[in-house]
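Notes to accompany the following structure.
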Amino acid sequence: MAIPREILAVERPRNTFVIAYGKDKRLYAVRRYIGCRREGKRNIPIKGPTIGHIRDGRYIPTGEDPAFAPAPQPTVELKDWANAALCDRLFADILDDLKAEYPADMALKIWSVAVLRVCNKGANDYELKEMYDESFLSVLRPGAALSKNTVSELHKDVGRTFTRIVRFMRRRAEAIGADASVLLDGTLKSNESKVNSLSDFSRKAKTKGTRDISVLYAFDLDRMEPVCSKCYPGNMLDVTAYEDFIRECGVKRGVLVADKGFPESAAHGHISANPDLHHLNPIRRNATFIRTHRMLEFEGVLPDRDGVSFKKAKASGKDKWLYSFRDSARAAAEERGWLAKAKKDGVYDHAEFEESRKSFGTIVLECDLDLDPGKVYKMYEERWEIEIVMRYYKSACEFDETRVHGDYSVIGSEFCDFLASVLTFRLIKAFDKAGLLKKMNYSRIMSLLKRAKKVRVGEDGDWRLVRVNPKLEKMLGALGLMPAADAMPKRKPGRPRKLQK
């Protein structure tokens with residue numbers, strides 16, 4: 001159907017054309033040409049989007065046309081309250097720390113992303129805006145813009161300003177006490193991006209079948225929370241990144257407790273340059289120190305441990321002490337494993353068995369401090385707390401893979417994940433203090449907290465707690481979210497049972 005001349009005569013932007021639509025083709029839209037393509041000897045224009053309409057004899061851009069204005073979004077009057085209120089109380093100081101490095105609006109976005117990832121397990125970036133609107137966090141901390149594109153740009157901006165991340169981590173490392181145990185470990189996260197330099201095949205490539213990035217963590221055992229972290233290419237070994245990690249994050253105090261992947265020799269320069277920084281590391285069972293110092297000839301039994309013998313010796317020619325331990329229960333388990341393997345392979349060498357048997361259940365540690373063996377054993381035994389950190393990092397928060405691609409985006413997203421892991425452990429401490437972890441696990445507690453919601457009713461616009469069952473009410477009271485004075489009134493008892501004749 002031809003467009004009337006009076007419609008075509010209406011003034012409109014250049015490089016546009018008019019189309020008729022509607023039931024009777026009496027409505028007219030203005031679309032833009034966005035280029036052309038070559039077909040033979042002809043240039044064919046490419047039709048683009050609608051940019052306006054012609055009505056009442058004039059051109060009206062889409063954004064100014066009330067008839068095509070987007071419908072106002074309904075406000076959320078029912079929001080998740082308990083989880084947001086608890087996170088805000090435990091995590092408010094981190095927001096202040098972020099504001100010391102970032103503009104206030106950017107700090108709020110970073111902080112909100114971390115909180116929402118903890119409150120909503122496995123949250124995707126495109127879901128964060130909806131989660132923020134449905135959370136009481138939008139009432140407690142209003143003004144965080146978290147649309148999909150905004151969060152994407154946020155990750156890039158955080159990654160681009162990497163120096164701010166370093167300053168933030170160093171400020172946290174400054175709070176480490178001189179006698180604190182600093183646990184070190186790393187984890188691999190799947191990253192199949194082809195556009196960043198961090199993604200590469202790691203030592204687990206054969207079993208996982210994917211490329212990874214490596215994330216190193218330092219955990220303060222005194223504060224029971226992560227101190228700092230940094231991501232590296234997936235093919236970089238922990239021993240290679242060790243010194244760079246502790247130097248860049250500013251770890252200058254405490255006792256570094258790590259596994260065999262973090263030998264002292266790999267960070268000797270930084271450790272020796274800081275007198276308040278020490279190390280406690282296991283050494284290989286075939287190390288010559290063990291034989292020359294007769295570390296498997298034990299001299300005593302730890303008084304507060306069942307079946308653990310020990311020996312302490314000064315390393316000759318070095319300012320180090322060696323500590324060896326033998327756990328009888330672990331030795332029996334290793335012996336059973338060795339014999340089971342020999343049975344399966346059908347090869348048993350008694351001489352080899354007797355030689356291996358000497359080291360079953362043993363561990364030898366080196367340290368640059370002269371300490372009580374019982375304290376050394378406890379410090380290394382507590383190193384397994386870092387395994388819990390990694391477990392929560394990957395399972396409770398579902399941070400086992402990256403969901404962004406570029407270098408800047410990976411760095412920015414990992415920074416938000418680090419903040420989320422700090423909040424996770426603060427929640428764990430709060431749950432443990434309230435005695436909740438004796439009755440249920442972390443995930444169960446978080447799911448119950450999400451059931452406690454507030455609704456805005458009445459003309460006053462006040463938020464009121466939706467009625468909860470007595471069990472959840474008691475949990476909220478234990479966490480300090482619902483003081484006894486504000487507790488829900490108990491229901492009146494029902495009618496007494498009828499007496500049976």
- [ ] Quickly work out the R167-to-R336 label distance, labels modelled 7 Å from Cα along the C-beta direction, and quote it in nm with one decimal.
- [x] 5.7
Task: Per-peptide average of other Cβ atoms within 10 Å, ordering 13-23, 138-148, 28-38 highest first - done: 138-148, 28-38, 13-23
Task: Additional length obtainable on full extension of the chain from K318 to R285, 0.36 nm per residue less Cα span - done: 10.0 nm
- [ ] Would you kindly state how much longer the chain becomes between K375 and D460 on full extension, computed as 0.36 nm times their sequence separation minus their alpha carbon distance, in nm to one decimal?
- [x] 24.6 nm
Open item on the list: If packing is taken as the average number of other Cβ atoms within 10 Å across a peptide's residues, how do 377-384, 434-441 rank, most packed first?
Closed with: 377-384, 434-441
Task: Inter-label distance for K438 and E382, nm, one decimal - labels placed 7 Å from Cα along Cα-to-Cβ - done: 2.2
Task: Segments 262-268, 450-456, 312-318 sorted - mean Cβ within 10 Å per residue, highest first - done: 262-268, 450-456, 312-318
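Just so you know, all these numbers are worked out from the coordinates, no wet-lab data involved. What you see is a predicted model; the values in this text were computed from it and never measured. For neighbour counting, all protein chains shown are included, and Cβ atoms are generated from backbone atoms with ideal geometry for every residue, glycine included.
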